[in-house]
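Novice: Input: one structure, supplied below.
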Amino acid sequence: DTGVSQDPRHKITKRGQNVTFRCDPISEHNRLYWYRQTLGQGPEFLTYFQNEAQLEKSRLLSDRFSAERPKGSFSTLEIQRTEQGDSAMYLCASSLGQIPAEGYTFGSGTRLTVV
Amino acid sequence: DAKTTQPNSMESNEEEPVHLPCNHSTISGTDYIHWYRQLPSQGPEYVIHGLTSNVNNRMASLAIAEDRKSSTLILHRATLRDAAVYYCILRDDSGAGSYQLTFGKGTKLSVIP
């Protein structure tokens, strides 16, 4: 297993367009998290899934954001009507169980630039 | 979530030990202390975690004060690859909630060759 994969690595989009990011977690991991990171800040929690169920959403996740994890495998994060403030690194992490002994495994992220 | 305080930046010479401090005076009894690091252009990477006792693994050691109000991440011999932002995070692992990680700004460690 090559770890958590995120696609694309970089995305440049015009304001108002919709974008979708994909995360492929480690195959046996049942928990999947999305974070957002802006320049100079630590990552901020957006949402998490246990298997296919989305169990918690941060208030950062406005109604323009939607995340899915069909069949409890890969996940997608869609941003509709992008705004310049959405420019950030979007990180995905996965884990087996609630308190993994080796912590969460993060992907390398998708860097979104809204112009 | 209980907050942590870390220096913004630190420097170390290559092959010397590094002690990264973290203050968490409002820690609760069920808060575990987690450390992650983030290398440039990568996602965060798990380093170590502990509750009360000092912990060692292949990457680092975690020294926890007796009153648990502070902790220190110890890298025994810094290498250039250890240059990263190090995050000290408290998380309530008592059985309630999402177990999300709440990151601060961390400490940016520079390693001088």
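Novice: Under the Karplus relation 6.51 cos²θ - 1.76 cosθ + 1.60, θ = phi - 60°, what is the ordered set of whole-Hz ³J(HN,Hα) values for the stretch A:49-61, x standing for Gly and Pro?
Specialist: The phi angles translate into 10, 10, 6, 8, 8, 8, 9, 8, 10, 6, 5, 5, 7 Hz.
Novice: Just want the ordering: B:TYR99, A:TYR33, from fewest to most Cβ atoms lying within 10 Å of their own Cβ.
Specialist: Least to most surrounded, the residues fall as B:TYR99, A:TYR33.
Novice: Using the number of other C-beta atoms within 10 angstrom as an exposure proxy, rank B:THR4, B:THR72, A:THR2, A:THR105 with the fewest first.
Specialist: Ascending number of Cβ neighbours within 10 Å: A:THR2, B:THR72, A:THR105, B:THR4.
Novice: Could I ask something else about it? How shielded is B:45-53 by partner chains, expressed as the average number of their Cβ atoms within 10 Å of its Cβ atoms?
Specialist: Neighbouring Cβ atoms belonging to other protein chains average 2 per residue here.
Novice: I would also like to ask the following. Mind jotting down the distance between the C-alpha centroids of the stretch B:39-113 and the stretch A:43-81, whole Å?
Specialist: 26 Å
Novice: Mind running the shape call on the stretch A:30-69? Use the C-alpha gyration tensor, a ≥ b ≥ c as the square roots of the eigenvalues: rounded below 1.5 for a/c, prolate if a/b tops b/c, oblate otherwise.
Specialist: The shape class here is oblate.
Novice: Rounded to the nearest 0.05, what FRET efficiency is calculated for B:ASP93 and B:ALA65 with R0 set to 25 Å and r the Cβ-Cβ distance?
Specialist: In this case the efficiency is close to 0.85.
Novice: Still on this structure, I have one more. State which entries of A:LYS57/B:LYS105; A:LYS57/B:LYS108; A:LYS11/A:LYS57 exceed 26 angstrom in Cα-Cα distance in the structure shown.
Specialist: Those over the limit are A:LYS57/B:LYS108.
Novice: To the nearest whole number, what is the average tally of beta carbon atoms from other chains within 10 Å of the beta carbons of peptide A:39-51?
Specialist: Mean shielding by partner chains, rounded to a whole number: 3.
Novice: Now, a different point. Got a sec? Charge dipole of the stretch A:1-59, +1 on Cβ for Lys and Arg, -1 for Asp and Glu; which of A:TYR48, A:THR20, A:ASN30 is way out at the positive end?
Specialist: Result: A:THR20.
Novice: Now, a different point. Around A:SER5, which amide H atoms from residues at least 5 apart in sequence, or from another chain, sit under 5 Å from its own amide H, with H modelled in the peptide plane?
Specialist: The list, which skips near neighbours in sequence, is A:ASP24.
Novice: A follow-up question, please. If only Cα atoms are counted, what is the Rg of chain A, and what is its Dmax, in Å?
Specialist: Looking at chain A, its Cα Rg and Dmax stand at 13.4, 42 Å.
Novice: Collect residues whose amide H, placed 1.01 Å from N in the peptide plane, falls under 5 Å from the amide H of B:LEU109; neighbours closer than 5 in sequence don't count.
Specialist: Amide H to amide H, under 5 Å and 5 or more residues apart or across chains, B:LEU109 pairs with B:MET10, B:ALA84, B:VAL85, B:TYR86.
Values quoted throughout were computed directly from the atomic coordinates according to the rules given, and no laboratory measurement underlies them. Please read these numbers as outputs of a predicted model, since none were measured by experiment. Cβ atoms come from the backbone with ideal geometry, glycine included; neighbour counts cover every protein chain shown.
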